[in-house]
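The values are calculated or read from the model by the stated rules, or taken from the named source; none is laboratory data. Predicted model, so just to flag it, every value in this text is computed and none were measured. Backbone-built Cβ (ideal geometry, glycine too); neighbour counts: all protein chains shown. Heavy atoms of the whole protein, side chains included, go into the accessibility calculation; ligands, DNA and RNA do not. Shrake-Rupley method; radii C 1.70, N 1.55, O 1.52, S 1.80 Å.
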Amino acid sequence: MDELQREQDLQRLAWVERLDPMCMTLIEGVDEDEVIRRFGGDPGETFALDVPGYWDLQPEGYQQLQAIVGVGTAGGVVFAIEENGYTGNVPGVLRSLSREGRCLCVYTHVNAADNLTYAVGGELVVSEEPWGEPTPLRAGDSRWDPAWVRGLTDVEAEVWLRGARLFLAAERVMGVRIESAWFTEPIRCARIPDPDRYAGTSAWQLFPPPDDQEPSA
């Protein structure tokens, strides 16, 4: 039954394989407004936008791209979608988003350098390119359940945790059903700062110094 359910879920998520590079963050513990704030945006200045609309807002020649995050809520989980963005993949941002609960980020990269990051209570638990089964940053960390990814990878057969399999893992971890409409229909959006602002800061460190004061977003 588990194998049958897995195959049914992967078929349901087959549309994921057609997505352009993007960043999806799933958050428990804070609402949409607070998620926007921690991404660096203003929840008082939002607008409805779909993925094609994102590209329509960009300057001619796509110089100095405008970063935008789209948010929504499903089953008590806030989802944050970034077309061609990666703010949700910055470790410091994930620590901030998870302070009152937990969050997971799936980042797909044009060069196949995908990333899966999971944070709980302001600490990173997992962060890696998911070729095989993800392992916690701290050995034996019980906040990561290996059952979440069981049956989704087979290293010997070169079956990697990517595409639909990566999204199914995200569903299992966060207990939410990911819908294609999040990526095709207009959702609530806000302008956010360029994530390049984190370059060279402790926000990119997996374990920042204890006395370091990270930006809140």
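Observations on the model:
- Only helical runs count toward this figure. For the chain, summing -39,500 (n - 2.57) over DSSP H runs of n ≥ 4 and dividing by all residues gives -5500 deg cm²/dmol at 222 nm.
- Normalised by the number of residues in the chain, the mean separation of alpha-carbon contacts (under 8 Å, six or more apart) gives a relative contact order of 29 percent.
- Within the accessible area of the chain, the carbon and sulfur atoms contribute 48%, probe 1.4 Å, all protein chains present.
- Computed over all pairs of different Cα atoms, the Kirkwood value for the hydrodynamic radius of the chain is 17.7 Å.
- Accessible area of segment 1-140 divided out per residue, in Å², using a probe of 1.4 angstrom: 45 Å²
- Summing Cβ point charges (Lys, Arg +1; Asp, Glu -1) relative to the Cα centre of the chain gives a dipole of roughly 280 debye.
- All other residues whose Cβ lies under 12 angstrom from that of Arg162 are scored, Lys and Arg at +1 and Asp and Glu at -1, for a net of -3.
- Annotation for Ala199 and Trp15: the two label points, set 7 Å from Cα along the Cα-Cβ direction, are 3.5 nm apart.
- Note: relative contact order over segment 88-140, using C-alpha pairs below 8 Å and six or more positions apart, is 29 percent.
- Pairwise label distance in nanometres, Glu185 with Gln8, each label 7 Å out on the Cα-Cβ vector: 2.3 nm
- Distance between the C-alpha centres of segment 161-187 and segment 74-141: 13 Å, rounded to the whole angstrom.
- With 0.36 nm allotted per residue and the present C-alpha distance subtracted, the Ser142-Asp31 stretch has 37.4 nm of extension available.
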